[in-house]
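Read through the structure below, which is laid out as structure tokens, and then see the notes.
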Amino acid sequence: MSSKSLVLVGVAVLSVHTITAHAVADEVWLSQLDLSKTQQGWGEPHADQSLMEGPISIAGKTFERGVATHAKSVLWLELDGKVSEFLASVGIDDTAAGGNASVEFMVLGDGKSLWRSGVMHHGEEAKPVRVDVQGVRSLLLLVMSAGDGINFDHADWAEARFVCGGAAPTCVASPREDRVILTPKPGPAPRINGPGVYGCRPGNPFLYRVPTTGERPILFSCDGLPASLSIDTETGIITGTVPERGTYEAMLRANNQHGATSRTFRIVSGDTLALTPPMGWNHWYAHYNRITDAMMREAADIMVSSGMADVGYQFVSIDDCWMNAEKYDDPLRVGPPRDANGNILPNQHFPDMKGLTDYIHAKGLKAGIYISPGPRTCAGFTGSYGHEAQDAGQFADWGFDLLKYDLCSYGEIIGSSATVEALKKPYILMGDLLKQQPRDIQMNLCEYGLGDVWEWGKEVGGQSWRTSGDLGFELNRIFDVALANAKHGEYSGPGSWNDPDYIQIGYIGDARTIGMPTPCSLTPNEQYAFMSLWCLMASPLFYSGDMSRLDDFTINVLCNPEVIAIDQDPLGKCARVIMLGEETFAMVKDLEDGSTAVGLFNPGEFAVPITLTWDDAGLSGPHKVRDLWRQSDMGEFSGKFEATVGRHGVVMVRVSRPDNNS
Ligand code: GLA
């Protein structure tokens with residue numbers, strides 16, 4: 001026995017008099033181990049305490065020892081092969097009353113299921129666990145949500161302990177994955193990316209940078225552009241005035257010394273903006289209350305230099321903290337909310353808003369801004385309440401193209417149990433005001449899905465609306481968040497997008513502590529899955545990591561034009577969930593050219609084969625399959641397609657008829 005396990009055993013023996021199940025000399029309590037590597041859906045693991053920091057208690061019976069966790073909970077342990085048994089009593093903690101708590105406990109050894117509790121509910125007596133783990137090297141203790149969400153899922157591994165014949169078990173991080181770059185870099189010949197369709201309002205300024213990969217210099221041209229528009233042949237930026245109502249079919253062309261390409265581009269002058277989901281960058285999850293004008297300009301520079309703009313990223317958006325606060329740690333963010341005429345005042349980190357949007361526009365990009373309809377924003381800065389018309393006019397004068405309109409502090413106006421009508425009111429007001437401005441300004445409703453916003457977000461003048469709270473607080477639940485968002489898929493369409501929040505990969509600042517950016521906690525597989533889910537759901541694609549620290553892996557996840565094309569497909573469909581198993585699911589999305597995008601997802605802990613049957617996907621006959629992340633053809637398949645999908649990963653393919661050459 002190693003010295004480490006002797007120490008642990010000593011602790012166990014010392015506490016024998018206080019415990020219900022008696023630990024003997026070769027037993028090690030789970031609660032004695034370093035639990036910090038546990039991943040769980042809410043809170044932190046607690047040793048010998050419930051999550052609410054009282055005694056562990058299941059159906060009225062209390063336990064001195066144990067580990068309290070919360071579904072979905074994942075704890076990996078390394079054993080030396082000489083641990084003979086794992087014992088515990090499991091159940092839902094009594095403090096989880098009042099909700100629909102239900103979980104399933106599972107014990108897996110070297111990838112094989114060794115024991116499962118079946119679904120357990122609140123109030124149910126603890127179930128005894130006695131599992132033979134002799135010879136096992138990798139043990140996984142799992143608590144699943146039992147398919148009904150994680151609310152109240154306080155789960156106790158009471159009296160959890162190991163019978164050891166050798167070293168004590170150690171808790172370890174989830175299996176390491178290499179950051180494999182799946183996507184080939186763009187070739188030197190030009191390739192025109194981005195949406196094939198663009199909506200704008202007659203008479204307003206027009207600005208569109210044709211997203212194009214390929215070695216510069218590229219010579220751009222466009223046949224059939226309305227007379228009020230022109231294209232800069234060197235930059236591929238189209239500017240001018242939106243022509244009168246109508247649909248204009250243009251042909252974009254790009255050539256360089258390596259080749260030439262062309263692509264149709266439909267300009268629809270009418271009432272609808274955002275005919276495809278908006279794409280861009282938002283500062284929030286990287287820079288929080290540290291954002292400055294210089295950082296915004298740097299982000300615009302990098303959007304171009306990194307190649308993001310070449311695959312369709314367009315908006316460079318400021319979030320909260322650009323205004324003044326009454327009190328704040330940073331004195332440069334403190335000042336009067338408005339001038340003598342009631343015009344909102346940016347804080348000293350934003351000395352020249354018009355200069356900033358001019359800078360962004362000169363690159364062919366667009367500028368976004370943020371405010372709340374309440375008296376204050378979420379971070380406590382000036383809100384629009386009572387000054388909506390003035391603010392809408394100011395945002396237009398400054399040159400912004402998108403407004404993220406939050407809800408914070410509006411509760412002071414409408415109370416906490418507001419009706420849907422009351423929730424709609426500020427958005428109707430701002431939506432109308434934005435439409436009256438002499439420029440196209442999209443509105444993103446950031447009210448976290450309250451009042452089923454997907455049902456009315458479009459009618460009040462929004463182009464996109466958050467369907468849930470801040471994803472920064474639940475990055476470990478991307479699969480659940482996506483599945484919840486996909487339930488509102490019927491409201492997805494041109495000019496109408498469900499928004500499950502920003503893409504948070506690369507360097508991200510912790511949302512709880514509004515910390516400095518550090519490498520995100522998501523595994524490489526999870527990052528591919530994240531981007532795939534968002535594209536299949538036709539979500540707005542806003543990256544929100546630190547632009548100054550983009551690396552090749554992050555760029556490869558963010559910038560695959562074939563994956564982005566699924567998001568930007570002009571039909572605007574959100575993928576349907578066609579198969580939802582215990583550990584896997586599949587999504588399919590119909591595309592304009594008659595082909596189908598498919599995502600096979602594995603939120604589970606081990607690689608598994610997943611089968612897509614043509615019947616489930618609504619397909620028949622032979623179809624060719626293309627791996628979108630690797631940009632490679634996989635051949636022709638009939639009846640079904642099967643792929644092995646890694647832990648927390650995805651296989652994303654485009655399935656089309658053999659004669660579809662689009
Ligand atoms: C809310 C929003 C976030 C961000 C912050 C800013 O939490 O949901 O996206 O805008 O406010 O304070």
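Each value in this text was obtained by applying a stated rule to the coordinates, not by laboratory testing. Everything numeric in this text was worked out from a predicted model, so none of it was measured. Note that we place each Cβ from the backbone using ideal geometry, even for glycine, and neighbour counts take in every protein chain shown.
Taking the centroid of alpha carbons for each part, the range 353-403 and the range 211-243 are 27 Å apart. Across all Cα atoms of the range 95-223, the radius of gyration (one decimal) and Dmax (whole number) stand at 27.6, 80 Å. No other cysteine beta carbon under 4.7 Å away is the test; run it over the chain and list who passes. Those would be 164, 171, 200, 222, 321, 446, 520, 535, 559, 574, since no other cysteine Cβ in the chain comes under 4.7 Å of theirs. Annotation for the range 88-164 versus the range 173-202: alpha-carbon center distance of 40 Å. Each Lys or Arg adds one and each Asp or Glu subtracts one; over the other residues with Cβ under 10 Å from the Cβ of residue 481, this totals -2. Legend: residue pairs 185/624; 72/366; 363/624; 127/640, Cα-Cα distance threshold 32 Å; pairs beyond threshold, 72/366; 363/624; 127/640.
Our coupling estimate for the range 331-343, obtained by passing each phi through the Karplus curve with A = 6.51, B = -1.76, C = 1.60 and θ = phi - 60°, is x, 6, 9, 10, x, x, x, 9, 7, 4, 8, x, 6 Hz, Gly and Pro reported as x. To the nearest ten degrees, helix 388-398 and the longest principal axis of the Cα atoms of the chain are 70 degrees apart.
For residue 541, the amide hydrogen comes within under 5 Å of the amide hydrogens of 279, 280, counting only partners 5 or more places away or on other chains and with H modelled in the peptide plane. Normalising the average separation of contacting C-alpha pairs (under 8 angstrom, six or more residues apart) by the number of residues puts the relative contact order of the range 27-172 at 36 percent.
Note on the range 558-604 and the range 416-493: Cα centroid distance 22 Å, given to the nearest whole angstrom. A cut-off of 5 Å between modelled amide H atoms, ignoring neighbours fewer than 5 places along the same chain, links residue 316 with 281, 366, 367, 368.
Between residue 272 and residue 548, the simple label model (points 7 Å from Cα in the Cβ direction) yields a spacing of 4.1 nm.
Computed over the range 512-662, the alpha-carbon pair-distance distribution with 5 angstrom bins reads 2, 9, 18, 22, 20, 14, 8, 4, 2, 1, 0, each value a whole percent. In order along the range 421-429, phi translates into HN-Hα couplings of 4, 5, 5, 6, 3, x, 7, 4, 4 Hz, rounded to whole numbers, per the Karplus curve 6.51 cos²θ - 1.76 cosθ + 1.60 with θ = phi - 60° and x for Gly and Pro. When the alpha carbon gyration tensor of the range 270-367 is reduced to an equivalent ellipsoid, its three semi-axes come out at 27, 16, 12 angstrom, largest first.
When only Cα pairs below 8 angstrom with a gap of at least 6 residues are kept, the range 279-567 shows a relative contact order of 18 percent. Taking the C-alpha atoms only, the angle from helix 3-14 to the longest principal axis of the chain is near 70 degrees.
Here the relative contact order of the chain, from alpha carbon pairs under 8 Å that lie six or more residues apart, stands at 10 percent. Using the alpha-carbon positions of the range 27-172, Rg (one decimal) and Dmax (whole number) come out as 13.8, 43 Å. For the chain, taking the reciprocal of the average inverse distance between every pair of different Cα atoms yields a Kirkwood hydrodynamic radius of 26.9 Å. Taking 13 Å as the straight-line reach from the Cα of residue 573, the aspartates and glutamates in range (excluding those fewer than 8 positions away in the same chain) are 490, 590, 592, 593. Here is how the number arises for the chain: DSSP H runs of 4 or more residues each give -39500 (n - 2.57), the sum is divided by the residue count, and the result at 222 nm is -4500 deg cm²/dmol.
Evaluate the Debye formula for the range 191-269 with equal point scatterers sitting on the alpha carbons, no solvent, and hand back log10 of I(q)/I(0) at q = 0.25 Å⁻¹, in q order, two decimals. Ignoring solvent entirely, the Cα scatterers give -1.19.
Could you tell me whether the range 576-656 comes out rounded, prolate or oblate from its Cα gyration tensor? Rule is a ≥ b ≥ c as square roots of the eigenvalues, rounded for a/c under 1.5, then prolate if a/b exceeds b/c, otherwise oblate. Since a/c reaches 1.5 and a/b is larger than b/c, the shape of the range 576-656 is classed as prolate. The string of couplings for the range 588-605 from the Karplus curve (6.51, -1.76, 1.60, θ = phi - 60°) is 10, 10, 6, 10, 4, 7, x, 8, 10, 8, 10, x, 9, 10, 10, x, x, 8 Hz, one whole number per residue in order, with x for Gly and Pro. I need the calculated FRET efficiency for the pair residue 657 and residue 216, taking r as the beta carbon distance and R₀ as 30 Å, to the nearest 0.05. That pair, residue 657 with residue 216, gives E of 0.25.
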